[in-house]
Each structure stands twice: as structure tokens, then as C-alpha cells.
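Q: Below you'll find the structure I mean.
The values are calculated or read from the model by the stated rules, or taken from the named source; none is laboratory data. Just so you know, these numbers come straight off a predicted model, no measurement behind them. Every residue, glycine as well, gets a Cβ built from its backbone with ideal geometry; the counts of neighbours run over all protein chains shown.
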Amino acid sequence: MDGKRYTLPALRERVAALRSSGGRLVLTNGCFDLLHVGHVRYLQAARALGDFLAVGLNSDASVRTLKGAGRPLVPQDERAEVLAALACVDAVVVFDEPTAETLVAALRPEVYVKGSDYSVATLPEAGVVEGYGGTVRLVPVLPGVSTTALVARIRGDGRPD
């Protein structure tokens, strides 16, 4: 562990301590490549749903699998550091799989959060969460605000200023 950055075993210990004092774990995950206002609002909304917000961060290899060869734009250690600097984030843990099912099963959050651009029916982690009695919450996302849209805008093939 380094500040708010954890290994999975260290985070499991931290979560056990949280629960022994009556706290509720909220977990979310994502690539968080080029942090933007949509990410910040999403993470703030997620944090409001419990006592401790852990963020599962897709590793560089995982992001490449999901987004293609040109991604991530920002290496995982830097993405983790930026996320950890946010007041609403209590912990960051990097994972290698394309989905967070293994992470969810290991941590068993009381609340698992994703953006409203997903549906519970199509969310791979939902079955795991519902299987142990947790809650899946979909938090509103800002329309048109994404890293992909931001990259297109920077390249000049996105929306005008």
C-alpha cells in the first residue's frame, strides 16, 4: 500500500477493519484515462453511497484489451496517483482482467456502482453482487463527456469549442 493505493490483499484487510467498525464499502471500477469532470462527478456520487470508496483501476494491459492499441494515454501508475489524490476516493487498486468480477467477488462491496451508460442486465459484475446480497447502483453520467470524446476533440475530429 502507498497512501490510498493498495494491493488487493491489503485492501481486503482495510475493508475488514471498515466492516468491523460498521462501515459500508462502495466499489466502482474503470479505466479513468484522462480524468475529466464526468469522472469526478461520478466518483463523488459513488462516494456518497457509503462510508469508503474503493476504485478498481484497469491495468494498462486491461485498457489495451478494452480500448485498443492506442490506449491508455496515461500509464496506470499515473492514473492511480491522480485518482488517489481525489478527496472522494479512499482507495485505489489496480486489476488486470477486462471486467471487475474477480475484484467484486474478493471485496464483496455493499454497494457496487457503475455509470448509467450501463444497465444491470448487461453488467457482468451484477450477477456477482446480487449473488451475495449486495446492491448495484447506476449513477448518472454526463452526456457527451468521455475520454474517447475528449481524445477526438483534441485530435480535431470531435465537437468544436
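Q: Please go through region 129-158 and pick out each residue that is farther than 23 Å from ARG71 by Cβ, in a helix (DSSP H, G or I) and either out of contact with any strand residue (DSSP E or B) (no Cβ under 9 Å at 6 or more places or on another chain) or among the hydrophobic types (A, V, I, L, M, F, W, C) (or both).
A: Once the filter is applied, which keeps residues that are farther than 23 Å from ARG71 by Cβ, in a helix (DSSP H, G or I) and either out of contact with any strand residue (DSSP E or B) (no Cβ under 9 Å at 6 or more places or on another chain) or among the hydrophobic types (A, V, I, L, M, F, W, C) (or both), region 129-158 yields VAL129, GLY131.
Q: Please indicate, with yes or no, whether at least one residue in region 52-60 is of a type in the set (Ser, Thr, Tyr), closer than 18 Å to GLU97 by Cβ and not in a helix (DSSP H, G or I).
A: Scanning region 52-60 turns up at least one residue that is of a type in the set (Ser, Thr, Tyr), closer than 18 Å to GLU97 by Cβ and not in a helix (DSSP H, G or I).
Q: What are the pairs with Cβ atoms under 6 angstrom where one residue, in region 19-40, is within 14 Å of ALA54 (Cα to Cα) and the other, located anywhere, is among the acidic types (Asp, Glu) and part of a loop (DSSP other than H, G, I, E, B)? Sequence gap at least six, or different chains.
A: Final answer for the pair search is GLY23/ASP51; ARG24/ASP51; ARG24/GLU110; LEU25/GLU110.
Q: Moving to a separate point now. Filter region 121-146 for residues that are of a type in the set (Val, Ile, Thr) and surrounded by 15 or more Cβ atoms within 10 Å (Cβ to Cβ); which is modelled with the lowest pLDDT?
A: Per the stated criteria, the residue is VAL141.
Q: Is it the case that VAL104 is assigned to a helix (DSSP H, G or I), in contact with an Asp or Glu (Cβ under 6 Å, 6 or more places away or on another chain) and among the β-branched types (Val, Ile, Thr)?
A: yes
Q: Give me the pairs: first residue in region 97-116 and farther than 16 Å from LEU11 by Cβ and modelled with pLDDT under 95, second residue part of a loop (DSSP other than H, G, I, E, B) and not acidic (Asp, Glu), beta-carbon distance under 6 Å, and six or more apart or on different chains, which are they?
A: Cβ pairs passing all conditions: THR99/PRO124; GLY115/VAL141; SER116/PRO140; SER116/VAL141.
Q: Is there a residue being surrounded by fewer than 18 Cβ atoms within 10 Å (Cβ to Cβ) and either in a strand (DSSP E or B) or in contact with a helix residue (DSSP H, G or I) (Cβ under 7 Å, 6 or more places away or on another chain) (or both) anywhere in region 37-50?
A: No, the conditions are met nowhere in region 37-50.
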